[in-house]
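Structure record follows, encoded as structure tokens.
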Amino acid sequence: MTKKEISRREFLKDSSLIGAGMFFAAAGAKPSDAKEPKVDTSKIVNYNPKMGYRRLGKTNLMLSEVSLGGHWKNRGGGRYWDRFDQDECPEDVEKNRSEIVSKCIECGINYLDITTRAECIAYGMALKGRREKMIVGADDHLLGPRNPANRTVEKLVFDVEECLKTFKTDYFDIWRVQAQMNPPLNTDAEVENMVEAFERLHKQGKAKWFGVSSHTRFWHQHIIEKYPQISMIIFPYTAQSKVIDGKEMIVEQGADESDAAYKSIFEAVKKHDVGVCTIKPFAGGSVFSPQKFPAPEQGSDEEHKLARLTLQYITANDAITATLPGMTTIREVENNVRASYERGKGVSWEDVQWLKRKTDLAWANLPEDYAWLREWEWV
């Protein structure tokens, strides 16, 4: 058998290439052999027949598998905008976000995930008069429960109401609260305050669904098993991430089957019908050359290819509803959606190997503020 004729099974069994439990095969094999149920596409927001759409767990929302992360490059070249001076969005920023949102809508992207006050302001302006064109999940990381002072029900309700006010909308489809990223993690009592705050907001029509983001896998597993109100979770997933094969790892390392370290979070989300959106596909942009805002429209062809292959790798996992890359330029939007548009065409063995080499190199040279991503190699 030549390297170009490798079987799907052998491809998936290669531990150096397994990712999402279902890496795309060189021959173009689909990530799952199961037949997808028929969906009424007339009910899908921004439906584009070229785009793949997936059900977000118990919400039954159909999200574009490549969606829009709220971050984009700031003037210093950083990965996101936090606050605007006096809450005034600069004209060029407003123009950029409006153009990006328009292109996303045109291309079939229908979910927007935002996490800062500046993002609420800028995207609220970009969606003025067309709010129904995006499913929106939102939170303000400075007002949420990462700060111990913000962990009461009243403070959490205030968090959402401030986001609504700055976005200039009456509701969010999802309140995707940003929980503590790393230990010490939010306690069950604090999660119960989040749930109570959501239920209050839900009754008032201000939040339809409840989601949680964190950077700690075991904590995610715990809360989705304990709190049925959680409809979706958000966590990091890159082209270096690989699904835990519990039984094989237990045999190899002699662990007990009850050991949570050898259980994949995807087992829990499937059992409890929880949707999954993933962030940091490009390790906060660290896999690419640095840019500043406004970023040039023309980037490296190699970097765009790396982005497409990375997103294809991530979406090969059918347990992931959507990946959420931030996008600064129109070309980034057009390139990223190709990861979905062209996924059925297959990927060459050479491209698979190239992606692995590029990802291994980036992983070995992660900047200090992204070293924690290595904890998400096995998911």
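Coordinate-derived values only; no laboratory data. No experiment lies behind these values; they were computed from the predicted model shown. Virtual Cβ from ideal backbone geometry, glycine too; neighbours counted across all protein chains shown.
Would you mind telling me the antiparallel percentage of the DSSP bridges in the chain, rounded to 5? Among the beta bridges of the chain, antiparallel pairing accounts for roughly 10 percent. What list do you get for 217, 176, 331 if you sort them by fewest beta carbons within 10 Å? In order of increasing Cβ crowding within 10 Å: 331, 217, 176. Ranking 68, 90, 44 by how far each Cα lies toward the positive end of the dipole of region 3-376 (charges on Cβ) leaves 44 at the top.
Highest mean first, the peptides 84-95, 128-139, 314-325 sorted by other C-beta atoms within 10 Å per residue fall in the order 314-325, 128-139, 84-95. The charge dipole of region 3-376, taken about its Cα centre with unit charges on the Cβ of Lys, Arg, Asp and Glu (plus for the first two, minus for the last two), comes to roughly 940 debye. Each Cα pair under 8 Å and six or more residues apart adds its separation to the average, and for the chain the resulting relative contact order is 24 percent. Counted over region 3-376 with a bin width of 20 Å, the fraction of Cα pairs per bin, in whole percents, is 29, 61, 10.
Between the C-alpha center of region 331-364 and that of region 61-91 there is a gap of 24 Å. Adding -39500 (n - 2.57) for every DSSP H run of four residues or longer, then dividing by how many residues the chain holds, sets the calculated 222 nm ellipticity at -11000 deg cm²/dmol.
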